[in-house]
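Right, one structure below, let's go through it.
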């Protein structure tokens, strides 16, 4: 059905494009005729692309997945194969393997019978080895790897496969992982030598003995003291002194506290 659609759509598209070229500008036809053929060509082109998409896609993808799909066993519309699947479903595996052998003799180029027989034959039997040898001939990578494993289990070294990609996948599967190496003991590193400090940079001042100049500066900034005669005669203390004649501190409300601060801010009369 798909082939008939491809023929119809392709032929219609070629015919409409030919008619459009005949009725195009310069042929004396109306302007709407060329637009009509152009629109019809566009619709037919879309339909042609849809019916041809599976074939074009298969041609593009074939180099990529042919190794995995080429030669894979499919259920052909054959009475003997349908009988084999019916026997497998009823768990009559010995009869199924026998009819697989008969089907392989009748159609030696079909991989279906060999593959089914290899998968359902008794493990380690001679029939399993025979079926595996035949499966190894085909290009399906999955089935070829399974046949290689069966042959190796039987002690048979299969010849190199004709498909290089199958051999590459077989090599990658048998490639062993590199074991982890033991850690190499390394002696502990020596402590780094202490850094030399710059003597010109002094972060903390060291206590030094006072010199003559320091004593003179201390005497110059020493606060003045009242003489004893002024204290004995009851003279008023100096302006900078906050103690009374009796030697006791004045109350907080006089010169200190909030009232004292406000009194100092008030203008003098």
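The values are calculated or read from the model by the stated rules, or taken from the named source; none is laboratory data. Here the structure is a predicted model, which is why all the values come from computation and not from measurement. Glycine gets a Cβ as well: all are built from the backbone with ideal geometry, and neighbour counts include every protein chain shown.
Things to note:
- The lone exception for residue 46 - which of (1) under 30 Å from residue 138 (Cα atoms); (2) surrounded by fewer than 15 Cβ atoms within 10 Å (Cβ to Cβ); (3) modelled with pLDDT of 90 or more it fails: (1)
- With respect to the stated conditions, residue 127 is free of Cβ contacts under 8 Å to residues at least 40 places away in the same chain, under 30 Å from residue 86 (Cα atoms), over 42 Å from the mean Cα position of the chain (by Cα) and surrounded by 10 or more Cβ atoms within 10 Å (Cβ to Cβ).
- Lone unmet requirement of (1) in contact (Cβ under 8 Å) with a residue 12 or more places away in the chain; (2) exposed (fewer than 12 other Cβ atoms within 10 Å of the Cβ); (3) in a loop (DSSP other than H, G, I, E, B) for residue 184: (1)
- Residue 160 vs. criteria assigned to a loop (DSSP other than H, G, I, E, B), over 40 Å from the mean Cα position of the chain (by Cα) and modelled with pLDDT under 90: no
- Residue 104 being at negative phi and modelled with pLDDT of 90 or more: no
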